[in-house]
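First the structure, in the form of structure tokens, and then the observations on it.
Since every read-out is calculated from the coordinates, none of them should be taken as a lab result. On a predicted model such as this, the values are computed, not experimentally measured, just so you know. Positions of Cβ are generated from backbone atoms using ideal geometry, with glycine treated the same way; all protein chains shown enter the neighbour counts.
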Amino acid sequence: MAFLLRGIYTVAYAKGLGERHFQWKSNTLRVLRKQIPMLLAVLIPIIVVMPTMTTTKGAAFSDSLGRLLFAIASIALAFFAQRFMSAVRKDQPNRQVLKVLHLFAVAMPLVLAFISLWGYHYTAVRFEGLMFISLCWLACVILLHYLGLRSLTVRERRMTLKRVIENREAERKIAETREAAETSGEGVPLNYEMPQRDIDDISQQSETVLKIFSLILAAAGLWALWDNVFPALGIFDEITLWTISTGVEGESPVPINLGDLMIALAIGVGTVLAARNLPGTMEVVFLSRLNLEPGVGYAITTLATYTIVFIGIAAALAGLGFQWSKLQWLVAALGVGLGFGLQEIVANFVSGIILLFERPIRVGDTVTIGGITGTVSRIRIRATTLVDWDRKEQIIPNKTFVTQDLTNWTLSDPITRVIIRVGVAYGSDVDKVQELLHQVAVENERVVEEPAPAVFCVELGDSRIDFEVRVFVRDLLDFMPLSHELHSAITRTLKEAGIQIPFPQRDIHIRTEPARKDTGQPE
């Protein structure tokens, strides 16, 4: 007890943990700094002397000195409660429940002191001891709650900073893509929707889970302390609501009592709260510490939500006495219904999970599937949105990406190859043409140095010698601008070098038959 009060006093230091990190009110902290040393000065001597009353020699003084010390301790606790609750109510004047707590905290030690002087000393000591231990337990839980809240705040700030950096990088890439699109004449998405949870929702969910955990921890501790004092609470186990047959001959039915129903309801409420708030908490506490790709964390939390719901429903039904042997036919019927009625929806859902985990496509990738080429702007559980070069949004079911052939132009390497075919007239210097074409390719800024550009003489055509200029470009959107620049530069360079790009040539042979002599005979 003394160590706990000393710990609270340390937290209440000026400019200390309570003020700077826990955001506790100034009046409350000021009262704690002033009243805790005074309370310890009274309680510590009493705590040292009181155990001697249980010895053989000290038992004679238990009814006199023991009651006096107990009364002094109770008055000290009531005085501390009065000053502390007054400061709390001053900092939070609009909370009406604090009035009731204030009255209870001040009156209860005085009532127990009166009961002790009246003759029920053991009962008063027992109750006050339990109450004081309960208050110490609640104070410990409150400290743990604020420490957890501070830890969550730090993690959320780091997540926010990381997302700001990621968003800035994404905006920079979008700006570069738009600039490239302006020169290529292709349409690109205005923005991308990353598969991730909102940071405000994550913060609210994690704080809710922390509050629920603190309440459960406090209630469990109080129940363990006061369970023997209130044995009447066991009456819930004696009220039978219904019975469940086990299906085994000779065995009696299993009774379901009011306590089981209350536990099942508690499991149901806990399942709803967990499904709504645990995903955000998982992302703050665990997933943010892992180096996961965007979208993987979203997939994990989504699967965790469905798993929590399934386990919660199973636990609640088991608490109410429903057996798996009697539910398996219902599950089988639901499976058949899903197989026939919701087959495509389930297939798209599972495919969406696969896409988020396996990541064959990512938001911002340029892909080709089913003859459609575009940029991935959104990945959802059921469908994925592609924005084609005409800026039209194509909603494609996720099953298509898993079952059909897919070309991802930017999955691991955005560099792609551009091939330009050039024909020159017969009689041209092949080596000189190759040198000029290679020089044009190297001088273009859009052409990457690695892999290096290459020029080959590939065919002797009907009227020309065909060359191929093979170069690599950094981005798919540079394909058309580079093709234009290379064609223009090649035409200009060959013209300056006096090398002719021939027109298609055809040799036409005209055959004339000799005139026939007139014989005067009819044909």
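Listing for the model above:
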{"item": "Cleavage-rule hits (GluC sites (Glu not before Pro)) in region 425-481: DSSP loop, at most 15 neighbouring Cβ within 10 angstrom", "result": "E445, E449"}
{"item": "Residue-span extension gain [R6 to S488] - 0.36 nm each, minus C-alpha spacing", "result": "165.2 nm"}
{"item": "Compactness of region 380-447 as Cα Rg over 2.2 N^0.38 Å, two decimals", "result": "1.89"}
{"item": "Mean shadow area of region 451-501 over all directions, Cα convex hull, nm²", "result": "4.3"}
{"item": "Overall Cα dimensions of region 102-172, principal axis frame, Å, largest first", "result": "80, 20, 8"}
{"item": "Global form of region 368-518, assessed from the alpha-carbon gyration tensor, a/c cut-off 1.5", "result": "oblate"}
